[in-house]
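Before any comments, here is the structure.
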Amino acid sequence: MTLKAFLYGFVLGVPLFLVSCGDDDLKKASAISNQKVVLNRDRTLGVEIIYSDSARVKAKGNAPIMDKVTTDNGGSYQEMIKGVKIDFFNVNQPGVVDGTLICDYAIRRDQEMKTFFRKNVIVKNAKGDTFSSEELIWDESKKIFFSKQNVTIKTTDGNILNGIDFEAPQDFSTYTINTATGQAVLKDEIVP
């Protein structure tokens, strides 16, 4: 290739490249770059959260760190980046812990009235059954916990159940789970 041919290709190629970058692309990039989200973050260390209903303490949570974040559009959420431990109290016997929930991360979205518990979520109910998953969601308005991810349930009598599409009331006294598999412990001898 000669120098003349190279220069000829360069002179024709650069304008062709620049023409292919239309004004519309530049307008889109400008509009996207102008969308700025401003966050106001307040951090609290050693947080204790009390959840009550009708003047009765239903649950008490502890988190090492809680960030309250408010966006410029007025939305807000609380993020517990180091996890949370929640004790659920017996409705009929104040002060008696019925169950616990622990996880490595949680976020509560105020407008949705939902709390997302993520990473190593373990719940123990009043019967002693243990529920574990990578995500459980608490819907405050419906007063239920649910998950679309895999949930493992270990009962006190040794049964193990795995499945998805999990739902339980706040006290985990009952539950539904779809696409389930499991192992059951039989207490009596099977008669042929």
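Just so you know, all these numbers are worked out from the coordinates, no wet-lab data involved. All figures in this text were calculated on a predicted structure; none of them were measured in a lab. Glycine also receives a Cβ, built like all others from the backbone with ideal geometry; neighbour counts cover every protein chain displayed.
Please give the length that would be gained between ASP139 and ASN120 if that part of the chain were fully extended, namely 0.36 nm times their separation in residues minus their C-alpha to C-alpha distance (nm, one decimal). Please list the in-between numbers first.
Numbers: separation 19, 0.36 × 19 = 6.84 nm, distance 1.92 nm.
Full-extension gain reported as 4.9 nm.
Dipole of the stretch 51-99, Cα-centred, from +1 at each Lys and Arg C-beta and -1 at each Asp and Glu C-beta, to the nearest 20 debye? All intermediate terms of the calculation are to be shown ahead of the outcome.
Working: 6 positive and 6 negative charges, 35 e Å.
Taking the Cα centre of the stretch 51-99 as origin, the dipole is about 160 debye.
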Report task. Determine, at each q value in 0.17, 0.19 (inverse angstroms), the log₁₀ of I(q)/I(0) that the Debye formula gives when each Cα of the stretch 39-183 is one equal point scatterer. Result -> -0.98, -1.18
Query - Test item: Cα-centred dipole of the stretch 39-183, Lys/Arg +1 and Asp/Glu -1 on Cβ, debye - result: 200
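Set the bar at 31 Å for Cα to Cα. Now go through LYS68/LYS154; LYS143/LYS187; LYS82/LYS124; LYS60/LYS154; LYS60/LYS187; LYS119/LYS142 and name every pair that lies beyond it.
Values: LYS68/LYS154 35 Å; LYS143/LYS187 35 Å; LYS82/LYS124 20 Å; LYS60/LYS154 24 Å; LYS60/LYS187 37 Å; LYS119/LYS142 23 Å.
Over 31 Å apart, Cα to Cα: LYS68/LYS154; LYS143/LYS187; LYS60/LYS187.
Report the GluC sites (Glu not before Pro) located in the stretch 90-138 that are in a DSSP loop and have at most 15 other Cβ atoms inside 10 Å of their Cβ, or state none.
Details: sites: GLU112, GLU134, GLU135; in loops: GLU112.
Those that pass, being in a loop and sparsely packed, are GLU112.
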